[in-house]
Amino acid sequence: MRFPMIKRILAIEVKEYIGKEVLLQGWVHRIRQLGQVSFIILRDRSGIVQTVAEEGVVAFPGLSNESIVIIRGKVSADARAPGGVEVRVRDIDILSQALDTPPIEINKKIDLLKTNLDTLLTFRAVCLRNPDILSIFKVQAELIRAFRQFLIQENFTEIHTPKIVATGTEGGAELFSVRYFEQNVYLAQSPQFYKQIMVGSGLERVFEVGHAYRAEDHNTTRHLNEYVSLDLEMGFIENEQDVIELQKKLIQFMFTEVSSNCAAELKLYKVKTPQFKDIPQLTLIEAKEILRSKCNKDLKEAPDLDPEGERLLCQYIKKNTGEGLVYITSYPISKRPFYTMPREDNPEVSRSFDLLYDGEEITTGGQRIHNYGQLIKKMKEAGLNEKDFDFYLQAFKYGMPPHGGLAIGTERITKQLLGLGNIREASLFPRDRTRVAP
RNA sequence: GGGGCUGUGGUCGAGCGGUUUAAGAUUCCUGACUGUCGAUCAGGAGGUCGCGGGUUCAAAUCCCGUCAGCCCCGCCA
């Protein structure tokens, strides 16, 4: 170590050290060489800062983009520098040299970077260095952090439930099968049963940030076979409206936090968080009627909206109310899992809901059945064997409060917020129909 | 699972039977420039046009197969 006396500072802190000697460590983001003066742009976790080498870069053989360096120099205020401050290079040490030119352009702005998604994913480790691409995951981390903070404030307890399970939530068709010593097990498609059990355990209010696995043969811009689910479940509710009310506050909090803590990242993607007053609610029947009468789309007897219907409906709602989100409620019970609570006044209609955000579903939730006998009956009707679900049914047999919950798709809300074209962009290392590496 | 489409230097792409020695942009290398900030200017490097077969006097271009990828639908977070 050549400069043991000086502590490292970050790029963002340079402006606080005008006139002082500093030590920076980071990546060579870009070199601009002009005759006898060279600009070396340094990148670290806090951002980028300009350094100036008066004698040119020839004094530092081996210096190239992406090499890891230690730069020592004096901070000077200069109106010509970006941000009005720069570091006058005294010395550079190369900690780790980049041996080759990166396959994609790391220092390019996102709107100038024309690289295809497939290439970006193939060179994922390299392309994540691009600050604009990396900022997607700063926003995502903030969404998750805010989700966690809000729920903790609301007295929820964070739980971690198994992803290796013996049975699925709905039966087994969309589950990945895994060899587990001498038996066959599955990857959990949802923490549904476990979070309900934990409501019954006495925690009342629980949440989980965890992976969910879907062995569905889909290949679209909004599906992953492994995704991060933001789940919550709460006891002692009146009905699904209590869950919706909580989620409205939750979503508002998440967006407010991202808006203030990720302002630069949102600006980069030219987006703003939705500034909703109140998220409107439509029953499925009302939604279909709007589509039929206002959007010239007749879904007839369809038990759900199709993707085009979701897009058109959101456009209509935005035009007429300014809201970017909309709840769809009262789905037919036949379209929902067996544990979904039916309405007392109409057992064909469920107390479940979806939340659409700019034309795409980001949440499904609802009230669940808490009556043991009713649950068994529904389970049998769904063709499931109650013996396989004894671990789950125990929670109900000995008394279960009325409860409900929901799940938010992390990659989906990230994609919708940033206006990304493909959900794979919102996953660090996406798992889709064919991609299992990197 | 069904349907549509695309594979051309590191990256992005034009060309879609014959003056094509495969355009252009960007990256990279060399040179010029003491204030760049998508630097600029000059020069240079980099491609058996995904792979295999076929049609033709002639194939990046047409046909078949194959592999890879993208998009839409069903389903869902």
If you line up the long axis of helix A:131-153 against the longest principal axis of chain A, both from Cα atoms, how many degrees apart are they, to the nearest 10? 50 degrees
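Mind sorting A:227, A:357 by how few other Cβ atoms lie within 10 Å of their own Cβ, fewest first?
Lowest count first: A:227, A:357.
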Hull volume per residue for chain A, using the convex hull of the C-alpha atoms, in Å³ is 192 Å³
Let me check against my output: what whole-number percent is the relative contact order of the range A:8-96, with C-alpha pairs under 8 Å and at least 6 apart? 31 percent
Using per-residue counts of other Cβ atoms within 10 Å, averaged over each peptide, order A:385-398, A:212-225 from highest down. A:212-225, A:385-398
Relative to the longest principal axis of chain A, what angle (0 to 90°, nearest 10) does the C-alpha long axis of helix A:307-321 take? 80 degrees
Each label point is 7 Å from the Cα along the Cα-to-Cβ direction; what then is the distance between the points at residue A:160 and residue A:112, in nm? 4.3 nm
Taking θ as phi - 60°, what are the ³J(HN,Hα) couplings along the range A:15-28 by the Karplus curve (6.51, -1.76, 1.60), each to the nearest whole Hz, with x for Gly and Pro? 4, 8, 10, 4, x, 9, 7, 10, 10, 10, 10, x, 9, 6
To make sure I understand the rule: partners must be lysines, Cα under 22 Å from the Cα of residue A:270, and not fewer than 8 residues away in the same chain. Which ones qualify? A:108, A:109, A:114, A:138, A:318, A:319, A:415
Could you tell me how far the Cα centroid of the range A:114-157 sits from the Cα centroid of the range A:13-33, in Å? 26 Å
Which peptide among A:117-126, A:24-33, A:229-238 comes first, and what is the full order, when sorted by highest mean count of other Cβ atoms within 10 Å? A:229-238, A:24-33, A:117-126
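Could you list A:295, A:262 so that the one with the fewest beta carbons within 10 Å of its beta carbon is first and the one with the most is last?
If I rank by nearby Cβ atoms, fewest first, I get A:295, A:262.
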For a quick protection proxy, order the peptides A:428-436, A:372-380, A:309-317 by their average other-Cβ count within 10 Å, most packed first. A:309-317, A:372-380, A:428-436
Once the in-chain neighbours fewer than 8 apart are removed, the lysines whose Cα is under 17 Å from residue A:163 read A:195
Could you give me the radius of gyration and the Dmax of the range A:8-96, taking only the C-alpha atoms into account and expressing both in angstrom? 11.5, 32
Let me have the 222 nm mean residue ellipticity of chain A computed from DSSP H runs of 4+ only, each contributing -39500 (n - 2.57), with the sum over all residues rounded to the nearest 500. -8500 deg cm²/dmol
Diffing the range A:267-276: the Karplus 3J(HN,Hα) column from phi (6.51, -1.76, 1.60, θ = phi - 60°), in whole Hz with x for Gly and Pro, holds 4, 4, 8, 6, 10, 10, 6, x, 9, 7
List the residues, sorted by chain then number, that are 5 or more residues from residue A:282 or on another chain and whose placed amide H is less than 5 Å from its amide H. A:327, A:328, A:329
Against the longest principal axis of chain A, how steep is helix A:240-261, in degrees 0 to 90 to the nearest 10, with axes from Cα atoms? 0 degrees
Within 10 Å of each residue's Cβ, count the other Cβ atoms and sort A:195, A:138, A:277 from fewest upward. A:277, A:138, A:195
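A short reminder: the numbers here are calculations on the coordinates, not readings from a lab. Computed from a predicted model, the values in this text were never measured in an experiment. Neighbour counts run over all protein chains shown; Cβ positions are idealised from the backbone, glycine included.
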